[in-house]
1. Anything in the range 264-286 that is in a helix (DSSP H, G or I), more than 46 Å from the chain's Cα centre (by Cα) and farther than 14 Å from GLY329 by Cβ? List them, or say none.
2. Hey, can you tell me all the residues within the range 173-191 that are more than 16 Å from ILE227 (Cα to Cα), in contact (Cβ under 8 Å) with a residue 60 or more places away in the chain and crowded, with 17+ Cβ neighbours inside 10 Å?
3. Taking the condition of being surrounded by fewer than 17 Cβ atoms within 10 Å (Cβ to Cβ) and not in a loop (DSSP other than H, G, I, E, B), how many residues in the range 111-149 meet it?
4. State which residue pairs qualify: first residue in the same structural domain as TRP197 (by TED's automatic domain parsing) and in a helix (DSSP H, G or I) and inside the range 150-172, second residue modelled with pLDDT of 80 or more and charged (D, E, K, R) in any location, beta carbons under 6 Å apart, and separation of 6 or more residues or different chains.
5. With respect to the numbered conditions (1) farther than 19 Å from GLN259 by Cβ; (2) among the charged types (D, E, K, R); (3) modelled with pLDDT of 90 or more, which one is the sole condition not fulfilled by ARG148?
6. Considering each residue of the range 288-335, count those that are in a strand (DSSP E or B), surrounded by 13 or more Cβ atoms within 10 Å (Cβ to Cβ) and either touching a helix residue (DSSP H, G or I) at 6+ places or on another chain (Cβ under 7 Å) or at pLDDT below 85 (or both), and give that number.
Amino acid sequence: MLDLCKLIFGMVVDLLRSRVALEAEILVLRQQINVLRRASSKRPPFISIDRLILGGVCRLFPKMYDALAIVRPDTVIRWHRAGFRSYWRWKSRRRCGRPTVPLEIRRLIREMSIANPLWGAPRIHGELLKLGIDIGQTSVAKYMARRRVPPSQGWKTFLRNHADGIVAMDLFVVPTISFRLLYGLLIMGHGRRQILWFGVTAHPTAEWIANQLTEACGWEQIPRYLIRDRDRAYGEIFMRRVRSIGIRDRPTSPRSPWQNAYAERLIGSIRRECIDHIVVVGERHLRHVLLSYKEFYNDTRTHLALNKDAPMSRAAQTAGRIICHPILGGLHHQYGRI
């Protein structure tokens with residue numbers, strides 16, 4: 001009896017509603033019937049069209065939520081929000097827009113920013129324009145290498161900028177034919193790995209080393225820094241001479257030959273390329289041999305660290321007949337054109 005009364009009351013209410021509302025309710029009910037007809041299990045499956053119809057109609061007519069029987073209103077609201085996100089994702093999809101930057105240019109921008117830590121996006125952008133690469137400055141800033149610390153030059157750059165003002169010195173021992181020990185003093189410049197001076201003595205004293213340093217550097221090409229080890233031969237007289245000339249003395253740490261690596265490497269080259277192949281007769285003979293090797297080393301011998309050039313920078317010769325000039329009795333040879 002109660003259900004009959006509800007049915008009659010609903011019919012009277014429907015007579016008072018607009019035709020549009022009635023059509024919307026009929027659409028919602030029909031779609032629910034379609035879902036139930038497709039259902040093969042207890043839980044009815046909903047496809048995209050079901051969510052679109054039920055969610056869209058209920059959003060336009062909020063009163064249609066009461067007509068939902070097989071789904072809860074919260075579910076329909078969730079469907080509508082998901083559809084809203086999908087719509088704006090489609091609306092904001094990428095169209096033509098800004099052209100993509102080729103991979104080669106992106107790598108070039110990153111390499112330039114790493115190799116030049118003091119350059120910003122405007123500077124790199126200007127260099128790219130000079131290379132004929134048309135790209136925006138914002139794109140350059142986007143593909144630059146990110147740093148966690150403020151930009152700074154590398155140690156390699158720092159040492160190269162100060163190499164011209166640094167000299168290194170070290171002593172090495174050479175046995176003679178009579179098994180007497182002679183001491184050679186090497187002074188070299190870090191700028192072009194140039195040998196500045198060779199000294200030979202049987203008794204290296206602090207006064208003798210100080211005089212050798214004065215003759216090597218003179219008063220016109222005084223270096224700023226001197227790298228040496230902590231040998232006891234460098235006594236108080238030597239230290240006073242260094243301070244009077246205006247050179248900053250920088251002795252290495254105890255038992256740390258790698259801190260004077262350039263001088264140690266050069267002494268190794270002298271042994272491998274010269275002394276190990278010669279029997280030294282005496283002090284005068286050793287001095288002559290070392291001076292000959294110094295001339296060969298500075299003027300002729302090519303170096304990997306100098307891009308296959310000599311410390312005194314040999315010019316390439318392309319015309320003329322090739323001649324050979326022996327050095328150190330034929331132990332090495334110098335080649336040139338005439």
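1. Going through the range 264-286, the residues in a helix (DSSP H, G or I) turn out to be 264-273, 275-277, 283-286.
Among the residues that remain, those that are also more than 46 Å from the chain's Cα centre (by Cα) are: 283-286.
Listed by number, the residues that qualify are GLU283, ARG284, LEU286.
2. VAL174, LEU182, GLY184
3. Going through the range 111-149 one residue at a time, the tally reaches 13.
4. Filtered contacts from the range 150-172: GLY165/ARG224.
5. The number of the failed condition is (3).
6. Residues meeting the conditions: 3.
The values are calculated or read from the model by the stated rules, or taken from the named source; none is laboratory data. Keep in mind it's a predicted model, so treat the numbers as computed, not measured. Every residue, glycine among them, receives a Cβ derived from its backbone with ideal geometry; neighbour counts consider all protein chains shown.
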